[in-house]
Structure formats: structure tokens, C-alpha cells
Amino acid sequence: MSVLEIFETMDYGPAPESPAAANAWLEDHQRKFGLFINNQWVMPEKADMYPSFNPATGEQLAETTQAGQAEVDAAVAAARTAFKHWSTTPGSVRARYMYALARNIQKHHRLLAVLESLDNGKPIRESRDIDVPLLARHFYYYAGWAQLMESELHEYQPVGVVGQIIPWNFPLLMLAWKIAPAIAMGNTVVLKPASYTRLSALLFAEVVAEAGLPPGVVNIITGSSKAGTMLVKHPDVDKIAFTGSTEVGRILRRQTAGTGKKLSLELGGKSPFVVFEDADLDGAVEGVVDAIWFNQGQVCCAGSRLLVQENVADQFIAKLKTRMGHMRVGDPLDKSIDMGAIVDQTQWDTVDKWVKTGVQEGGMLFQPEIRLPEQGLFYPPTLITHLNPAAATVQEEIFGPVLVSLTFRSPEEAVALANNTRYGLAASVWSDNINLALDVASKIKAGSVWVNCTNQFDAASGFGGYRESGFGREGGREGLFEYLRPAWKARPRPDFTLPEPGDQKPSWGTAVPARPLIPAGNGAKSDGQPTVDRTPKMYIGGRQARPDGHYTRAVVDPKGHLVGQVGDGNRKDIRNAVEAAHAAHTAKPGWAMRHGYNRSQILYFIAENLDARREEFARRISSMTGRTQKSAREEVDLAVTRLFSYAAWADKYGGTVQETTLHGITVAVNEPIGVIGIACPEDDPLLGFVSLMAPAIARGNTVVMIPSEKYPLSATDFYQVLDTSDVPPGVVNIVTGDRDHLVLTLIQHEDVDAVWYFGPPEGCYHVEYESAVNMKRTWVNYGEPRDWASQAQGEGHDFLHEATQVKNIWVPTGE
Ligand code: NAP
């Protein structure tokens, strides 16, 4: 195009970025790469190679190695050796290494950005101005946490060797989210980039070596999903951190089940972009452009579901279509384009298939008449309107430049539509009414909510999902806990042989018939006049309930004498309990909506009423367990103290203001998880029960408690304490019976958001395995004992962390 033509059309002229430096780097390696292990390039003798292409041109950029088992083993061994030294290196020294690394990233900023755009197809404007600056920012930010670890996190230790698997949409940024917090906390890593985009991670490896990090701290292996599986299954890997699709996340949840490996999953999304009638509509249109066409829509948190208030919908859609007509799709290395290329032909085909599905589902398709390059994997910005909220195109993640739109009438309807998804990664809310915007932001179930802005990221704020968008956070202080374990606790090594794939369906969780009666002559003794019979029941929705199956279970003391009988709960009882817990959670105002002050008052009241019945509870513990009255009394006293602790925490764990780079306020809110199913430990019948129930309800969750199977009578006595302590119906529900059978129903229930299980290793395996169905959060002990009487093990941050999930709300300020 000549200058005169540009002047006449007033179109942008091309502003190409040179690929020369990136090509020179590729040439230096003869466009052939091995694996980066121990700060060295390792080229296996007989490895298969895999080509990397530039999606904008189809040109082959380089070949990379397909790691096999030997290479994965070598990388893990290198990380293990390095861990010995790195984990004991003072935090202040690790901080210096990380600082040097951050500086090195800045030195090679342009090279990293250009290579990223060549390999992935993303606009250079984005890789240069967003991805690489954030890459450096993460290493600076977490260098700070390395520096502060000893003083601020002394109750914790590093996890060990971490396997990290990342997707192709933000190769460098995802790598930063994973590596920076891990090595800051003294872990060592083996990272596998996605197959489509391997090159920038390999360049990063050289930046690591140049910064002088000790060998083995950061290892990068390339390979297919098979190499990913090898890493996940490697026995010497202590944690897996994964970002990718929910489908693969599910596989990983199952593969790591019962192994004692920590797991964090950052998965897919279908995030709502909500526009109210009073929003600045022109601003919101620009917001949509950033929300869905940033990185060609290949963004996990893309605002891909537009929800517009009905009375401004036509006007808004018209403005949006006009704006779409001015979008520029083209060469990723051209600084004046808005959208680059889709990463690969397979992904392009998937996007196109979804668009066709949307049309088949009755949607109206709009694609502006704009120029696309004749070659390369380009796809126009796409809008589909008039779809049904249940349409697959509205529900499923497309992961491309495709926006679907719906309308709503009221804020309640907006919230209902926003939450009408199995995901919960992010949301964007647009309104000039700050009360409305913040109210809606608090009601949407998502890990990040942006008010009058979108796609804001910073190292100082955690990112991660609710529901099937995964669990764990990356970024901020909250992101550190994915790479730490309590100082008192070594990695669990469960003593349990995992079933082989294809094994027959296990019988775990099938109901075992209860022993209802004790043979004659072996029953409870009575002196003289018989005592008045007391029949413990279940406790569901604030009422005593008989078991649905009308069976009972005998409770015996260590000598085999009958001390009581409890209901033998079944699936129906659990379903009733979950229904009650769910109703108590979602009621208006539900338990979660109450002030922390109110919840703390109720917890104090429970403590007060338990203390008033101290002797009776001690007698009960003693009669079931055979322990002395003194020891039983100590257990009751500790339970009262624990209730006091969580009464204290009920209004002191709300969240924090994050110091991000946003001009405005970023608030991290520790929200309750929802309905938690809790299987209590066998021993410490009262203390175990209270230590798990109290943190959960203190933080606004409602619970279904399965008490100790052996000693359930402390829990069935406890409902009388609850009854007299102003606990609203449904907040605490108690179902007695066969623990594993009841837990299986809980874990499979769609309305249960998390399951805590303190039982044998086999049960822990099944709980983690089954949780993959809807990616519930789980907390299990892998069969390892915990000293419930100890303050370090029986209460504190660990419990509060498990009882909450962090939502970050971003509110820009100023004109
Ligand atoms: P993907 O297919 O799940 O792959 C992600 C990574 O996992 C790749 O490195 C892949 O290797 C590897 N992998 C695939 N199957 C595996 C297996 N069975 N075992 C071990 N590793 C395996 O996802 P993607 O298509 O690359 O990325 C898109 C997805 O990532 C979207 O769903 C998006 O929403 C999500 N995402 C989430 C976040 C977040 O923070 N929540 C951020 C970005 C992206 P290969 O490439 O070699 O197959």
C-alpha cells in the first residue's frame, strides 16, 4: 500500500516487527532442540522430533524433542538432587537468584516477545506489552516472597519436586505463574510446555541458565501428552500443577488420586460479561473487544458470554457490530493489528465447528466484512446472537474469537444467567451504579471479577477457579500455599496399592450391613430401675430424623458392651441432608450472608452450651472409648477451646486488599465454598468432630457431618447443643452410619462443593478419584494420623484455607 493510498483510506499502515533476532537464535540452535535438564541441553540419541510451526505463515520454525520415560526420569532426578540444596538455601539468597532472573527477562524482553508471537500467532503488541512484562513482574514479585519466607511463612516448608504442565495460549505467562512461586518457596520444577508452543519455554531455559540459577532447579522437557502422563505418574514428583482443559484436569485428578501428591488445577471457563443499562456503553464495547478478542479469544477467562440488559441490547449490539467492522486481523508481527492467528489448524477447525453448531442451534451469526490474510490460520471476530441459554454454544468453552450473547431483565436474572454454567473462572460487570456492580460481583461464582474492566492480571493477585474451572490459586500470597505444606507434615506416602486401570469396579462404598443388636446377656447394664431409653437420631434441617431405612447400628465399648444405638443412614438420608445444607446456604439471607459477628456469636453460644454439659459429654466419651473420665474431660475442654478459636476466626479471615498494578482497588475476598461433606476421624469422637465442623461453619459453609463410625454418640448428643445455640436449620446436619457408603453418596452429589475425609488410605483414594466428576475440592489425610489435641495440627490456617476460596474483585478508580 502506498503512502497516498494510506492517506486516502485513512487506514493504518503496516508496522512490522523484525523476526531477525528470533531467527538468529533459532539458527544458533540449528533449529533443533533437546531438553533442558540440569542447566544443559540434553539430546537423547534416538528421540522422536516434533515440528513447531508459525501459525500465521505455516513456515516450520524448529524441531523439538519428544521426551520419553528415560528423559522424564532424568529431569525428575535432577530436580530431586537440586531440591536438597535449593530447599535449604536461605530465602534471601533465592531472592537474589530470582531477581537476577527477572532482570534477565527484561534484558531479553523483545526476543522473548517476538519468539512468542512467531510460535503462537498472538499479536506482538500483546506479547511485548502484556505477556513478557508480566513474566518479569512475576519473578520480581515472588523474589520478594522468597526474601520474606522465613519471617512470614515459618510454619511451612516447600513441597518438593513439582511437575508443571501448561497450555499453549500464554506459554510464557503460564510458565511464570507456575515457576516463580514454586522456586521462591524452595521447590524445584520440571515443566512441560504444550506441544504447539514449545519454543519460548526453551528460550526461557537459556535465560535461567544465564541468570546463574543452580542446575536442576528449573528443568524444561518437551513432549506429548504421554510425557505429561509420565510426569504426573512419577513417584518422585510431590506435586502437580496443571493449567489446561477441564477434560485433561479430570484425568489428572484421577491419576493422582490417593498418592499423596498435591494438585492444583487451573482449567477452562465460559465467563460472563454483564452489561447493565446504565453502563457506559461505548466503554463496555471496548471492554468486549478486550474480553473476547484478546489473544484471538484463546483465553481461559475470555468474556465469551455477553449478557446485556434487554432495554439496551439492540443499541449495544449495533455499536458492537460497528466496532467489529473496524477490527484488524493479520500478521502477528504487525504492531497495528488487533488479532493474530489461531494457534493450529486443529484448533481452527474446532472453532469453526462450534460456529456452525451455533447456527444449527438457531443462533444468528455475525462476522464483519473485514480483510483476512489469504494464507495462515486467521479467523474473523464472530458474534452469535439469539441463542437459548441452554444451547451447547452458550455452555461450552469454544476457546476462539467467538462471542455468544443473551439478554436479561433484572439484576437477579443477570446473576442467575451468569452462574448458569459449570465453570467459575472469571466475570466482568459493567454498570455506573457502584452499589449494583459490587452486589452483582459478590454474587457471581467466579475466582476473578472485574468491575468496569476486564482481563486484568497481576502477580500480586491470585487467579483461579470455582467449580469445574478447577482449584488452587496462582498469584498473590494465596498462590504460595500451592507450593507449601505445613512444617510438621512430611509428604504423605499412603500405604495402599492403587488399583490398575481397568480393574473391576471396586466395592468400596457399598453399604455393609450394620450390627444392630448385641447378643443377649451382653447388653447395657442397669442398676435397679431401668434408665429411660434415649434413641439418638440423625439431625437434618434442624430436626431430629429417623433413618430412612429404619435400621440401627449398635455402638459398643472396648469390652463389647452395648452403649447405644444410632441410625444407619443411607443414600436417601444423605440426599435429605445435602438438600437441607444447600437450602441453608442459598436461603435469603443464607448462612454465608450473615455477618461474621453473627456467626461468631453462634459459635460462642455452642461453646457455652457444650461447656455447661461438660460432665455428661465426658461420660459419653469415656463410656464409648473406655478412656478415663479425666482424659475425656480434657477432650471436651479442648473442643470448647476450639469453638472459641473459630468464633474468633469468624470475623477475622475476610480477605485483603491486594497491591496490584491496577489504578484502583483489588480486593481478595475469602468466600465460603458452599456445602461441605465431612467424614470425621474415628478417634477423638468429639474433638475431631468439632475441629472440622467449626472452621467450616465459621467461614460461612453449611455442612453434612458423618461422625466417627465407631464412636458416633458424641455427635448425636451434640445436636442438642446445636438446638439450643441458635444455629439455623440446615447449617449443620449429622448423618450416622457406614462412613464410606455415606461419603460415596456425598462425593457423587452435584450440590456438594467439597468433601473432607479423615479415614484410611483406600477411602482417600476413592474420594479423590470420584471427585473428578465435577471437580469438587477435597481434603483428605491419606490415612495418616493427626494429633487433634495439638494446636499446630488441630486448628489454624490450614483449616481456614480449606474452608474458603479466594475471589479477587478488581475495581478501577478515576475518570
Ligand atoms: P490441554 O489439551 O488440556 O493441554 C494442556 C497441557 O496438558 C498441554 O501441555 C498438554 O500437552 C498436556 N496434556 C494433554 N493431555 C495430557 C494428559 N493426559 N496428561 C498430562 N498432560 C496432558 O489444554 P490446551 O488445549 O493446551 O489449553 C487450553 C485449555 O487451557 C482451555 O480449556 C483453557 O481454558 C485452559 N486454560 C486455563 C487457564 C487457567 O488459568 N485457568 C489458563 C490458560 C488456559 P500437549 O500439548 O503435548 O498435548
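Each reported figure results from applying straightforward, stated rules to the coordinates on display, with no laboratory input. The shown structure was predicted, so the numbers you read here are calculated from the model rather than taken from an experiment. Cβ atoms come from the backbone with ideal geometry, glycine included; neighbour counts cover every protein chain shown.
Quick rundown of the values:
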quantity: Where only alpha carbons of the stretch 333-396 are counted, the Rg and the Dmax (Å); calculated: 13.3, 39
quantity: Selection from Q805, W177, I606, by position along the positive dipole direction of the chain (Cβ); calculated: I606
quantity: In the stretch 322-367, the trypsin sites (Lys or Arg not before Pro) that fall in loop regions by DSSP, at most 16 other Cβ within 10 Å; calculated: R328, K335
quantity: Selection of GluC sites (Glu not before Pro), the stretch 364-454, meeting DSSP coil and at most 15 other Cβ within 10 Å; calculated: E369, E374
quantity: C-alpha long axis of helix 246-256 to longest principal axis of the chain, angle in °; calculated: 50 degrees
quantity: C-alpha long axis of helix 310-324 to longest principal axis of the chain, angle in °; calculated: 40 degrees
quantity: Residue pairs, from the table K270/K321; K178/K226; K537/K572; K353/K807; K107/K226; K233/K353, whose Cα atoms sit over 23 Å apart; calculated: K353/K807; K107/K226; K233/K353
quantity: Residues C764, C680, sorted so that the one with the fewest Cβ neighbours within 10 Å comes first; calculated: C764, C680
quantity: Stokes-Einstein D (µm²/s) once Rh is taken as the Kirkwood radius of the stretch 3-99 over alpha-carbon pairs, at 20 °C in 1.002 mPa s; calculated: 121 µm²/s
quantity: Mean separation of Cα contacts under 8 Å, 6 or more apart, over the residue count of the stretch 465-613: relative contact order %; calculated: 15 percent
quantity: Cα-centred dipole magnitude for the stretch 704-803, charges only on beta-carbon of K, R (+1) and D, E (-1), debye, nearest 20; calculated: 60 debye
quantity: GluC sites (Glu not before Pro) within the stretch 624-729, DSSP loop, no more than 14 other Cβ atoms inside 10 Å; calculated: E659
quantity: Long-range Cα-Cα pairs in the stretch 399-519 (distance over 26 Å), rounded percent; calculated: 51 percent
quantity: Among 600-608, 268-276, the order from most to least packed when residues are scored by Cβ within 10 Å on average; calculated: 268-276, 600-608
quantity: Distant-in-sequence amide H partners of G674 (H built 1.01 Å from N, under 5 Å); calculated: T702
quantity: The stretch 697-756-the stretch 637-683 distance, computed between alpha-carbon centres (Å); calculated: 19 Å
quantity: Separation of the V3 and V657 label points, Cα + 7 Å toward Cβ, nm; calculated: 5.2 nm
quantity: Test item: Cα-centred dipole of the stretch 554-614, Lys/Arg +1 and Asp/Glu -1 on Cβ, debye; calculated: 180 debye
quantity: Cα radius of gyration and Dmax for the stretch 680-723 (Å); calculated: 10.0, 29
quantity: Dipole magnitude of the chain about its Cα centre (Cβ charges: Lys, Arg +1; Asp, Glu -1), debye to nearest 20; calculated: 2020 debye
quantity: Relative contact order (percent, whole number), the stretch 580-682, Cα cutoff 8 Å, 6+ residue spacing; calculated: 29 percent
quantity: Derived scalar couplings ³J(HN,Hα) [the stretch 394-409; Karplus, 6.51 cos²θ - 1.76 cosθ + 1.60; whole Hz; x for Gly, Pro]; calculated: 7, 8, 9, 6, 9, 6, x, x, 10, 10, 10, 10, 9, 10, 9, 9
quantity: Prolate/oblate/rounded label for the stretch 205-288 (Cα gyration tensor, a/c 1.5); calculated: oblate
quantity: Span per principal axis, largest first, for the Cα atoms of the stretch 98-239 (Å); calculated: 44, 34, 22
quantity: C-alpha long axis of helix 571-586 to longest principal axis of the chain, angle in °; calculated: 60 degrees
quantity: Packing-based order for 204-213, 70-79, using average beta carbon neighbours within 10 Å, highest first; calculated: 70-79, 204-213
quantity: Cα-based convex hull volume of the chain per residue, rounded to whole Å³; calculated: 165 Å³
quantity: Listed residue (T661, L713, W779) projecting farthest to the positive dipole end of the stretch 658-788, Cβ model; calculated: T661
